[in-house]
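Before any comments, here is the structure.
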Amino acid sequence: MFITGPEVVKSVTNEEVTQTELGGTKPHTTHSGVAHGAFPNDIVALRKLRELFSFLPLSNESPVPEIPTYDTRDRIIPSLNTIIPPDPNQAYDMKEIIEKIVDDNHFFEIMPDYAKNIIIGFGRMEGSTVGIIANQPRDLAGVLDINASVKGARFVRFCDAFGIPIIILSDVPGFLPGVAQEHGGIIRHGAKLLYAIAEATVPKISVITRKCYGGAYLVMGSKSLTVDTNYVWPTTEIAVMGAKGAVEIIFRGQEVDKRTAEYQSRFANPLPAAQRGYIDEIIEPSHTRKIICEDLEVLKTKDRAVPWKKHGNIPL
(Lines give C-alpha, C1' and ligand atoms only; values in the text may rest on other atoms or scores of the structure.)
Protein backbone atom coordinates (compact mmCIF):
# COMPACT_ATOMS: atom_id res chain seq x y z
CA MET A 1 0.00 0.00 0.00
CA PHE A 2 1.62 3.21 -1.19
CA ILE A 3 0.90 6.40 -3.10
CA THR A 4 3.81 6.08 -5.53
CA GLY A 5 5.37 2.71 -6.41
CA PRO A 6 9.04 1.67 -6.43
CA GLU A 7 9.48 2.64 -10.10
CA VAL A 8 8.29 6.20 -9.50
CA VAL A 9 10.42 6.48 -6.37
CA LYS A 10 13.49 5.36 -8.30
CA SER A 11 12.87 7.73 -11.19
CA VAL A 12 12.35 10.75 -8.92
CA THR A 13 14.73 10.14 -6.00
CA ASN A 14 16.98 7.40 -7.42
CA GLU A 15 16.21 5.21 -4.38
CA GLU A 16 16.16 1.43 -4.83
CA VAL A 17 13.29 -0.07 -2.84
CA THR A 18 11.02 -3.10 -3.16
CA GLN A 19 7.25 -3.04 -2.88
CA THR A 20 7.41 -4.78 0.50
CA GLU A 21 10.00 -2.37 1.86
CA LEU A 22 8.04 0.62 0.62
CA GLY A 23 4.48 -0.31 1.53
CA GLY A 24 4.40 -3.72 3.17
CA THR A 25 2.88 -4.66 6.51
CA LYS A 26 6.04 -4.01 8.53
CA PRO A 27 6.66 -0.38 7.50
CA HIS A 28 2.98 0.54 7.91
CA THR A 29 2.51 -1.14 11.30
CA THR A 30 5.84 -0.13 12.84
CA HIS A 31 6.97 3.13 11.17
CA SER A 32 4.19 5.02 9.41
CA GLY A 33 1.22 4.09 11.60
CA VAL A 34 -0.99 3.82 8.52
CA ALA A 35 -2.12 0.30 9.51
CA HIS A 36 -3.37 -0.56 12.98
CA GLY A 37 -2.45 -4.23 12.85
CA ALA A 38 -1.18 -7.10 10.69
CA PHE A 39 -2.26 -10.74 10.80
CA PRO A 40 -0.83 -13.96 9.33
CA ASN A 41 -3.96 -14.82 7.30
CA ASP A 42 -7.52 -13.77 6.57
CA ILE A 43 -9.05 -16.16 9.13
CA VAL A 44 -7.10 -14.60 12.01
CA ALA A 45 -7.88 -11.13 10.65
CA LEU A 46 -11.62 -11.79 10.59
CA ARG A 47 -11.55 -13.22 14.11
CA LYS A 48 -9.70 -10.20 15.39
CA LEU A 49 -12.13 -7.85 13.66
CA ARG A 50 -15.08 -9.64 15.25
CA GLU A 51 -13.37 -9.31 18.60
CA LEU A 52 -12.82 -5.59 18.02
CA PHE A 53 -16.44 -5.00 16.99
CA SER A 54 -17.63 -6.70 20.18
CA PHE A 55 -16.20 -3.74 22.13
CA LEU A 56 -17.84 -1.04 19.98
CA PRO A 57 -21.35 0.44 20.07
CA LEU A 58 -23.49 0.27 16.94
CA SER A 59 -23.31 4.05 16.52
CA ASN A 60 -22.44 7.21 18.42
CA GLU A 61 -26.04 7.29 19.68
CA SER A 62 -26.04 3.69 20.93
CA PRO A 63 -25.01 2.72 24.47
CA VAL A 64 -21.65 1.10 25.14
CA PRO A 65 -22.06 -2.69 24.80
CA GLU A 66 -22.22 -4.77 27.96
CA ILE A 67 -21.72 -8.52 28.29
CA PRO A 68 -22.35 -10.80 31.28
CA THR A 69 -19.32 -11.47 33.47
CA TYR A 70 -18.54 -13.20 36.73
CA ASP A 71 -15.58 -10.90 37.36
CA THR A 72 -16.93 -8.52 40.00
CA ARG A 73 -15.59 -5.19 41.16
CA ASP A 74 -14.74 -6.68 44.54
CA ARG A 75 -11.81 -8.66 43.15
CA ILE A 76 -8.76 -7.52 45.07
CA ILE A 77 -5.40 -7.84 43.28
CA PRO A 78 -2.60 -8.20 45.87
CA SER A 79 0.09 -8.62 43.20
CA LEU A 80 -0.34 -4.96 42.19
CA ASN A 81 1.08 -3.91 45.56
CA THR A 82 4.50 -5.26 44.56
CA ILE A 83 4.50 -4.88 40.78
CA ILE A 84 6.37 -1.53 40.80
CA PRO A 85 10.14 -2.15 41.14
CA PRO A 86 11.86 -0.49 44.13
CA ASP A 87 14.43 1.03 41.76
CA PRO A 88 12.75 4.05 40.09
CA ASN A 89 14.85 3.50 36.96
CA GLN A 90 13.88 -0.16 36.53
CA ALA A 91 11.30 -0.93 33.85
CA TYR A 92 8.16 -3.01 34.23
CA ASP A 93 5.39 -4.06 31.88
CA MET A 94 2.33 -1.78 32.06
CA LYS A 95 0.34 -4.39 30.13
CA GLU A 96 0.48 -6.64 33.20
CA ILE A 97 -1.27 -3.95 35.23
CA ILE A 98 -3.90 -3.42 32.53
CA GLU A 99 -4.63 -7.14 32.21
CA LYS A 100 -4.94 -7.52 35.97
CA ILE A 101 -7.53 -4.78 36.41
CA VAL A 102 -9.82 -5.45 33.40
CA ASP A 103 -12.48 -8.17 33.28
CA ASP A 104 -11.13 -11.71 32.88
CA ASN A 105 -7.62 -10.32 32.14
CA HIS A 106 -8.79 -9.61 28.58
CA PHE A 107 -7.24 -6.56 26.90
CA PHE A 108 -7.54 -5.90 23.15
CA GLU A 109 -4.57 -3.77 22.13
CA ILE A 110 -4.67 -1.41 19.14
CA MET A 111 -1.51 -0.65 17.13
CA PRO A 112 0.73 -2.90 19.27
CA ASP A 113 3.80 -2.48 17.02
CA TYR A 114 3.68 1.30 16.49
CA ALA A 115 4.94 3.80 19.09
CA LYS A 116 5.33 1.04 21.69
CA ASN A 117 6.05 3.58 24.41
CA ILE A 118 2.31 4.18 24.68
CA ILE A 119 -0.41 1.52 24.94
CA ILE A 120 -3.95 1.93 23.64
CA GLY A 121 -6.79 -0.57 23.48
CA PHE A 122 -10.11 -1.80 24.80
CA GLY A 123 -11.08 -3.75 27.88
CA ARG A 124 -14.17 -4.26 30.00
CA MET A 125 -15.01 -3.29 33.54
CA GLU A 126 -17.98 -5.21 34.97
CA GLY A 127 -18.91 -6.19 31.42
CA SER A 128 -18.93 -2.66 29.98
CA THR A 129 -16.41 -1.44 27.39
CA VAL A 130 -13.69 1.04 28.37
CA GLY A 131 -10.84 2.54 26.41
CA ILE A 132 -7.41 2.41 28.03
CA ILE A 133 -4.41 4.62 27.30
CA ALA A 134 -1.19 4.02 29.22
CA ASN A 135 2.53 4.73 29.14
CA GLN A 136 4.79 1.71 28.66
CA PRO A 137 7.95 1.93 30.85
CA ARG A 138 9.50 -1.02 28.97
CA ASP A 139 9.89 1.07 25.81
CA LEU A 140 11.78 4.37 25.94
CA ALA A 141 10.86 4.48 29.67
CA GLY A 142 7.31 5.42 28.65
CA VAL A 143 8.38 8.83 27.38
CA LEU A 144 6.04 10.78 25.09
CA ASP A 145 7.31 11.48 21.58
CA ILE A 146 5.67 12.62 18.36
CA ASN A 147 4.36 9.20 17.31
CA ALA A 148 3.09 8.31 20.79
CA SER A 149 1.26 11.64 21.11
CA VAL A 150 -0.52 11.24 17.77
CA LYS A 151 -1.36 7.60 18.49
CA GLY A 152 -2.84 8.46 21.86
CA ALA A 153 -4.73 11.52 20.62
CA ARG A 154 -6.48 9.65 17.84
CA PHE A 155 -7.55 6.87 20.19
CA VAL A 156 -8.91 9.31 22.79
CA ARG A 157 -10.95 11.12 20.14
CA PHE A 158 -12.27 7.78 18.83
CA CYS A 159 -13.45 6.81 22.30
CA ASP A 160 -15.04 10.23 22.83
CA ALA A 161 -16.81 10.03 19.46
CA PHE A 162 -18.54 6.78 20.46
CA GLY A 163 -19.15 7.50 24.14
CA ILE A 164 -16.60 5.00 25.47
CA PRO A 165 -15.20 5.85 28.96
CA ILE A 166 -11.44 6.42 29.14
CA ILE A 167 -9.01 5.07 31.74
CA ILE A 168 -5.55 6.68 31.81
CA LEU A 169 -2.63 4.85 33.45
CA SER A 170 0.43 7.09 33.73
CA ASP A 171 4.12 6.54 34.34
CA VAL A 172 5.86 9.12 32.21
CA PRO A 173 9.25 10.84 32.66
CA GLY A 174 8.39 13.64 30.22
CA PHE A 175 8.61 14.38 26.52
CA LEU A 176 11.45 12.89 24.50
CA PRO A 177 14.23 15.50 24.12
CA GLY A 178 16.28 15.91 20.96
CA VAL A 179 16.76 17.99 17.85
CA ALA A 180 14.77 15.58 15.67
CA GLN A 181 11.76 15.75 17.99
CA GLU A 182 11.86 19.54 18.31
CA HIS A 183 12.26 20.09 14.57
CA GLY A 184 9.58 17.49 13.93
CA GLY A 185 7.08 19.56 15.93
CA ILE A 186 6.84 17.75 19.27
CA ILE A 187 5.15 20.82 20.77
CA ARG A 188 2.43 20.79 18.13
CA HIS A 189 1.97 17.01 18.14
CA GLY A 190 2.08 16.77 21.93
CA ALA A 191 -0.67 19.39 22.05
CA LYS A 192 -2.90 17.02 20.07
CA LEU A 193 -3.01 14.56 22.97
CA LEU A 194 -3.56 17.36 25.47
CA TYR A 195 -6.38 18.79 23.34
CA ALA A 196 -8.01 15.38 22.84
CA ILE A 197 -8.17 14.57 26.55
CA ALA A 198 -9.33 18.06 27.50
CA GLU A 199 -12.03 18.03 24.80
CA ALA A 200 -13.41 14.57 25.61
CA THR A 201 -16.73 14.64 27.47
CA VAL A 202 -16.92 10.91 28.28
CA PRO A 203 -16.06 9.65 31.80
CA LYS A 204 -12.30 9.99 32.35
CA ILE A 205 -10.40 8.31 35.20
CA SER A 206 -6.67 8.75 35.76
CA VAL A 207 -4.31 6.58 37.82
CA ILE A 208 -0.60 7.41 38.21
CA THR A 209 1.40 4.31 39.05
CA ARG A 210 4.92 5.67 39.60
CA LYS A 211 5.85 9.09 38.22
CA CYS A 212 4.66 11.99 36.11
CA TYR A 213 7.14 14.72 35.26
CA GLY A 214 6.87 18.08 33.57
CA GLY A 215 4.52 18.85 30.71
CA ALA A 216 3.85 15.15 30.23
CA TYR A 217 2.06 15.14 33.59
CA LEU A 218 -0.35 17.76 32.29
CA VAL A 219 -0.93 15.86 29.06
CA MET A 220 -1.52 12.45 30.65
CA GLY A 221 -4.81 13.22 32.32
CA SER A 222 -4.10 15.84 34.98
CA LYS A 223 -6.99 17.38 36.89
CA SER A 224 -6.67 20.60 34.88
CA LEU A 225 -7.74 18.66 31.75
CA THR A 226 -11.25 18.05 33.15
CA VAL A 227 -10.47 14.45 34.17
CA ASP A 228 -13.26 13.33 36.50
CA THR A 229 -11.20 11.47 39.10
CA ASN A 230 -7.44 11.42 39.66
CA TYR A 231 -5.79 8.70 41.73
CA VAL A 232 -2.17 7.86 42.53
CA TRP A 233 -0.41 4.87 43.99
CA PRO A 234 1.82 5.41 47.05
CA THR A 235 4.92 5.08 44.83
CA THR A 236 3.99 8.17 42.81
CA GLU A 237 6.14 11.23 42.14
CA ILE A 238 4.64 14.35 40.56
CA ALA A 239 7.25 16.99 39.80
CA VAL A 240 8.76 19.19 37.11
CA MET A 241 11.56 16.65 36.62
CA GLY A 242 13.44 13.89 38.41
CA ALA A 243 15.28 14.62 41.64
CA LYS A 244 18.84 14.47 40.26
CA GLY A 245 18.10 16.68 37.27
CA ALA A 246 16.31 19.24 39.41
CA VAL A 247 19.13 19.37 41.96
CA GLU A 248 21.79 19.84 39.28
CA ILE A 249 19.90 22.83 37.89
CA ILE A 250 18.86 24.43 41.18
CA PHE A 251 22.16 24.00 43.03
CA ARG A 252 24.45 24.08 39.97
CA GLY A 253 26.07 20.74 40.71
CA GLN A 254 26.99 21.47 44.33
CA GLU A 255 26.47 18.71 46.93
CA VAL A 256 24.44 16.72 44.42
CA ASP A 257 24.10 13.53 46.46
CA LYS A 258 23.06 15.33 49.65
CA ARG A 259 20.65 17.67 47.90
CA THR A 260 19.17 14.82 45.85
CA ALA A 261 18.39 12.87 49.02
CA GLU A 262 16.72 15.95 50.53
CA TYR A 263 14.73 16.59 47.37
CA GLN A 264 13.54 12.97 47.23
CA SER A 265 12.46 12.97 50.88
CA ARG A 266 10.39 16.12 50.32
CA PHE A 267 8.95 15.59 46.84
CA ALA A 268 9.39 11.91 45.84
CA ASN A 269 5.95 11.04 47.18
CA PRO A 270 2.36 11.99 46.31
CA LEU A 271 1.65 14.04 49.45
CA PRO A 272 2.68 17.48 48.08
CA ALA A 273 0.38 17.00 45.08
CA ALA A 274 -2.46 15.77 47.31
CA GLN A 275 -2.10 18.78 49.62
CA ARG A 276 -2.51 21.09 46.64
CA GLY A 277 -5.59 19.31 45.33
CA TYR A 278 -3.98 17.89 42.18
CA ILE A 279 -5.17 14.39 43.04
CA ASP A 280 -8.33 13.06 44.67
CA GLU A 281 -6.93 10.14 46.64
CA ILE A 282 -3.85 8.02 47.27
CA ILE A 283 -5.08 4.47 46.78
CA GLU A 284 -3.76 1.03 47.52
CA PRO A 285 -2.81 -0.58 44.18
CA SER A 286 -4.66 -3.81 44.98
CA HIS A 287 -7.96 -1.83 45.15
CA THR A 288 -7.49 -0.07 41.80
CA ARG A 289 -10.05 -2.19 39.94
CA LYS A 290 -12.70 -1.78 42.62
CA ILE A 291 -12.29 2.01 42.76
CA ILE A 292 -12.42 2.39 38.97
CA CYS A 293 -15.57 0.26 38.75
CA GLU A 294 -17.27 2.33 41.45
CA ASP A 295 -16.39 5.56 39.66
CA LEU A 296 -17.60 4.25 36.31
CA GLU A 297 -20.96 3.42 37.87
CA VAL A 298 -21.28 6.96 39.25
CA LEU A 299 -20.17 8.51 35.96
CA LYS A 300 -22.68 6.58 33.83
CA THR A 301 -25.03 9.55 34.12
CA LYS A 302 -22.36 12.12 33.32
CA ASP A 303 -23.73 14.74 30.96
CA ARG A 304 -21.23 17.49 30.31
CA ALA A 305 -22.69 20.14 28.05
CA VAL A 306 -20.27 22.21 25.97
CA PRO A 307 -21.00 25.47 24.12
CA TRP A 308 -22.12 24.95 20.55
CA LYS A 309 -19.47 25.39 17.90
CA LYS A 310 -19.02 24.17 14.37
CA HIS A 311 -15.93 22.19 15.38
CA GLY A 312 -12.89 22.46 17.58
CA ASN A 313 -9.51 23.76 16.41
CA ILE A 314 -7.20 20.85 17.21
CA PRO A 315 -3.52 21.61 16.44
CA LEU A 316 -3.25 19.38 13.37
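A few remarks follow.
- Qualifying residue in the range 6-20 (condition: under 27 Å from ILE101 (Cα atoms) and basic (Lys, Arg)): no
- Counting only strands (runs of 3 or more DSSP E) that fall entirely inside the range 193-248 and contain at least 3 residues that are out of contact with any Lys or Arg (no Cβ under 6 Å at 6 or more places or on another chain) and closer than 28 Å to LEU316 by Cα, the qualifying elements are 204-213.
- Matching option when the condition is without any contact (Cβ under 8 Å) to a residue 12 or more places away in the chain and either in a loop (DSSP other than H, G, I, E, B) or closer than 30 Å to GLY127 by Cβ (or both), among ASP295, ASP257, ASP303: ASP303
- Taken over the range 46-93, the criterion of being among the aliphatic types (A, V, I, L, M) and in contact (Cβ under 8 Å) with a residue 60 or more places away in the chain is satisfied by LEU52, LEU56, VAL64, ILE67, ILE76, ILE77, LEU80, ILE83, ILE84.
- Residue within the range 288-305 that is open to solvent by less than 80 Å² (accessible area, probe 1.4 Å), in contact with a strand residue (DSSP E or B) (Cβ under 6 Å, 6 or more places away or on another chain) and modelled with pLDDT under 80 present: no
- Single condition GLY152 does not satisfy, out of (1) open to solvent by 10 Å² or more (accessible area, probe 1.4 Å); (2) more than 18 Å from VAL64 (Cα to Cα): (1)
- Within the range 257-287, the set of residues being open to solvent by less than 30 Å² (accessible area, probe 1.4 Å) and over 26 Å from VAL130 (Cα atoms) comprises THR260, PRO270, PRO272, ALA273.
- Among residues of the range 155-180, those that are under 21 Å from THR288 (Cβ atoms) and open to solvent by 40 Å² or more (accessible area, probe 1.4 Å), counted: 0
- LEU80 passes every criterion in (1) assigned to a loop (DSSP other than H, G, I, E, B); (2) open to solvent by less than 20 Å² (accessible area, probe 1.4 Å); (3) in contact with a Lys or Arg (Cβ under 7 Å, 6 or more places away or on another chain) apart from (1).
- Picking from residues in the range 181-208 that are more than 20 Å from PHE108 (Cβ to Cβ), touching a residue at least 40 places away in the same chain (Cβ under 8 Å) and of a type in the set (Val, Ile, Thr), the one that is most open to solvent (accessible area, probe 1.4 Å) is THR201.
- Scanning the range 216-236 for residues that are under 17 Å from ALA141 (Cα atoms) and modelled with pLDDT of 90 or more yields ALA216, TYR217, VAL219, MET220, THR236.
- In the set (1) open to solvent by 50 Å² or more (accessible area, probe 1.4 Å); (2) among the β-branched types (Val, Ile, Thr); (3) under 23 Å from PRO203 (Cα atoms), the condition left unmet by ILE249 is number (3).
- Any hit, the range 59-74, residues being in a helix (DSSP H, G or I) and farther than 30 Å from LYS26 by Cα: no
- Summed over the range 28-70, residues that are within 23 Å of SER128 (Cβ to Cβ), surrounded by 12 or more Cβ atoms within 10 Å (Cβ to Cβ) and small (Gly, Ala, Ser) total 1.
- In summary, helices (runs of 4 or more DSSP H) completely within the range 93-184 and bearing 3 or more residues that are within 19 Å of PHE55 (Cβ to Cβ) and over 13 Å from the mean Cα position of the chain (by Cα) occur at 94-101, 146-161.
- Yes/no for ILE132 being under 23 Å from LYS100 (Cβ atoms), modelled with pLDDT of 95 or more and touching a Pro at 6+ places or on another chain (Cβ under 8 Å): no
- Among (1) acidic (Asp, Glu); (2) surrounded by 15 or more Cβ atoms within 10 Å (Cβ to Cβ); (3) under 14 Å from ARG289 (Cα atoms) - the single one GLU109 does not satisfy: (3)
The values are calculated or read from the model by the stated rules, or taken from the named source; none is laboratory data. Only a predicted model underlies this, so the values are computations on that prediction, with no experimental measurement involved. Virtual Cβ from ideal backbone geometry, glycine too; neighbours counted across all protein chains shown. Note: accessible area is taken over every heavy atom of the protein model, side chains too, but ligands, DNA and RNA are not part of it. Shrake-Rupley method; radii C 1.70, N 1.55, O 1.52, S 1.80 Å.
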